[in-house]
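The values are calculated or read from the model by the stated rules, or taken from the named source; none is laboratory data. This structure is a prediction, so every number in the text was calculated from the model and none was measured. Every residue, glycine among them, receives a Cβ derived from its backbone with ideal geometry; neighbour counts consider all protein chains shown. Ligands, DNA and RNA are stripped out before the accessible areas are found, and what is left, the full protein with its side chains, is counted by its heavy atoms. Shrake-Rupley method; radii C 1.70, N 1.55, O 1.52, S 1.80 Å.
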Amino acid sequence: MNAAILGTGHSYPEGILTNADLEKIVETSDEWITSRTGIKQRRKAAPGEYTSQFAARASQEAIKRAGIDPNEIDLILCATVTPDQILPSTACLIQAQLGANKAAAMDIVAACSGFLYGLSIANPMIRCGQVKYALVIGAELLTRYVDYTDRSTCVLFGDGAGAAILGPVEEGRGILAARIRSDGRYEEQLYAPGGGTKAGFTAETIARGDHFFKMKGNEVFKVAVRSMAEISRGVLCEAGLKTEDIDLFIPHQANQRITDAVSNALNVDESKVFSNIAQHGNTSSASIPIGLDECVESGRVKKDDVILMASFGGGFTWGAVAMRW
Ligand code: UT7
């Protein structure tokens, strides 16, 4: 047996933050943001909204499309770095909202690579029969941890959630190869140091903004391009595929220039590369499942298509998955 995605869903908050809005908050311009990142706007959750709500909506859609009952789900993996609360996991909170009462649920903290980590973990569990149906989610309210005085990060991030139901199919279809990697030596390239046991929430750490995301964008950019291209090549090789076999490439949406550089390095034609960064910015773990669902909804992905997904994020973490739809 192989594991395949049987249904997808996504959900966004209604609030929109445009580049023009940001021009009023920090010293930036639509021209700079568009030319350096490709981003025109991003979604922003309203006060009172929280991560699991969007994750549950995306999951309900995925469950419906897969044609299963929530009680048939054995495993719920929620990739997020912006959980509802410290305890219990956001996956458990989603489980309760779905009524998926027979599942084991836990969160994955792998930043932007979290969804591909989730697929990579669920894949062998389905293949060996331990799990029949798994719900894998990427869900983030990143705008809650954005420092709106730091123009180098605040223009990048947005909110949203995407979900996928994985289940068994005959060999030759579904996930053909999956690889994940990380390197903790790069912690301080992209991190939020406050709020844990090392520098908990105190008046001092909050005043210092330790809970906000900090990034050395330039450094991250270079490693991201190299790592995403390298791991994608490995996954294609393992799956016995060539670049020409790819019908659709869905990279993590971090920066249009990263997407272009990775696509060029892999020699994937522009027409096969998915991008929604203009509308949604960087939604971390949510960007790939949202992208996949948008492709399903628009009819861009068809039966037997070969899809390559690749990601890179804080940790550093990175990964790639190749599948036949
Ligand atoms: O999703 C997880 C992984 N994340 C990523 O992969 C993100 C990777 N990094 C990036 O996408 C890019 O590095 C950024 C978009 C974050 C920055 O773009 P860049 O082309 O690398 O710009 P830079 O950091 O080298 O900054 C160039 C200039 C600087 O000014 P000086 O020092 O040359 O005078 C910045 O201060 O642009 C300035 N700058 C801005 N100017 C207007 C930085 N942010 C802004 C801004 N508006 N928002």
*asked:* Please check: in the Gaussian network model of the chain (C-alpha springs, under 10 Å), which one of Phe274, Phe201, Phe221 has the largest mean-square fluctuation.
replied: Phe201
*Taking amide H positions as placed in the peptide plane 1.01 Å from N, state which residues far from Phe157 in sequence (5 or more) or on other chains have amide H under 5 Å from it.*
Asn282
*Provide Rg and Dmax in Å for the range 264-325, with only Cα atoms included in the calculation.*
12.3, 35
*Over what distance in Å are the Cα centres of the range 155-220 and the range 51-117 separated?*
16
_Are there any trypsin sites (Lys or Arg not before Pro) in the range 1-92 that are in a DSSP loop and have at most 11 other Cβ atoms within 10 Å? List them by number._
Lys24
*How big is the antiparallel share of DSSP beta bridges in the chain, given as a percent to the nearest 5?*
70
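Run through the DSSP bridge list for the range 2-173 and note the antiparallel percent, rounded to the nearest 5. It would help to have the intermediate numbers written out before the result.
Numbers: 20 of 31 bridges.
Around 65 percent antiparallel, to the nearest 5.
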*Within a Cβ distance under 14 Å of Gly162, other residues only, what is the Lys/Arg minus Asp/Glu net charge?*
-3
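Which FRET efficiency, nearest 0.05, do Ala46 and Lys198 yield, Cβ-Cβ r, R0 35 Å? Display every interim value, and only then the final one.
Working: r = 31 Å, r/R0 = 0.89.
With a Förster radius of 35 Å, E is 0.65.
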*Which of Ser59, Leu176, Gly314 sits farthest toward the positive end of the charge dipole of the chain, with +1 on the Cβ of Lys and Arg and -1 on the Cβ of Asp and Glu?*
Leu176
*Please label the shape of the range 2-173 as rounded, prolate or oblate, based on the square roots a ≥ b ≥ c of the eigenvalues of the alpha-carbon gyration tensor (a/c under 1.5 means rounded; beyond that, a/b larger than b/c means prolate, else oblate).*
prolate
*Once the range 168-233 is represented by equal point scatterers at the alpha-carbon sites, with solvent omitted, what log10 I(q)/I(0) does the Debye formula produce at q = 0.20 Å⁻¹?*
-0.87
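Restricting to Cα pairs below 8 Å that are 6+ residues apart, what does the relative contact order work out to for the range 1-98? Please round to a whole percent. Intermediate results must be reported in sequence, preceding the final value.
Values: 103 pairs, mean separation 33.2, N = 98.
Computed value for the range 1-98: 34 percent relative contact order.
With a cut-off of at most 13 other beta carbons within 10 Å, and DSSP calling the residue loop, which GluC sites (Glu not before Pro) in the range 20-81 qualify? Please list them.
Details: sites: Glu23, Glu27, Glu31, Glu49, Glu61, Glu72; in loops: Glu27, Glu49.
Sparse-neighbourhood loop GluC sites (Glu not before Pro): Glu27.
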*Using only the Cα atoms of the range 108-222, what do you get for the radius of gyration and for Dmax, in Å?*
17.9, 56
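Given a 1.4 angstrom probe, I'd like the percentage of the accessible area of the chain that is carbon and sulfur, rounded to a whole number. Don't skip to the answer; put the middle values down first.
Values: 6810 of 13710 Å².
After summing per-atom areas, the C and S share lands at 50 percent.
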*Say R0 is 35 Å: what FRET efficiency, to the nearest 0.05, do Arg185 and Glu270 get from their beta-carbon distance?*
0.55
*Under 16 Å from the Cα of Lys272, which aspartates and glutamates turn up, not counting those fewer than eight places away in the same chain?*
Glu244, Asp245, Asp247, Asp260, Asp293, Glu294, Asp304, Asp305
*Say each of Glu238 and Val109 gets a label point 7 Å from the Cα, pointing the same way as Cα to Cβ; how far apart are those two points in nm?*
2.5
_For Ile16, distant residues with modelled amide H under 5 Å away_ = Lys44
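What does the charge count around Ala56 come to, taking other residues whose C-beta lies under 13 Å from its C-beta (Lys +1, Arg +1, Asp -1, Glu -1)?
Values: positive: Arg57, Lys64; negative: Glu49, Glu61, Asp84.
Taking every Cβ under 13 Å from that of Ala56, the sum is -1.
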_If you take every residue apart from Thr153 with its C-beta less than 10 Å away from the C-beta of Thr153, what net charge results, scoring Lys and Arg +1 and Asp and Glu -1?_
0
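Run the numbers for Lys102 and Glu72: contour at 0.36 nm per residue of separation, minus the present Cα-Cα distance, in nm.
On the way: separation 30, 0.36 × 30 = 10.80 nm, distance 0.72 nm.
Value of the extension gain: 10.1 nm.
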*Describe numerically, in nm with one decimal, the distance between label points set 7 Å from Cα along Cα→Cβ at Asp247 and at Glu219.*
4.2
*Rounded, prolate or oblate: which fits the chain when a ≥ b ≥ c are the square roots of the eigenvalues of the alpha-carbon gyration tensor, with rounded for a/c under 1.5 and prolate only if a/b beats b/c?*
oblate
*Could you give the alpha-carbon Rg of the range 138-285 over 2.2 N^0.38 Å, rounded to two decimals?*
1.22
*asked:* If you average the alpha carbon positions of the range 1-40 and of the range 282-297, how far apart do those two centres end up, in angstrom?
replied: 11
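So, for the chain, what is the accessible surface per residue at a probe of 1.4 Å, expressed in square angstrom? Walk me through the numbers before you get to the answer.
On the way: 13710 Å² over 325 residues.
Ligands and nucleic acids excluded, the result is 42 Å² per residue.
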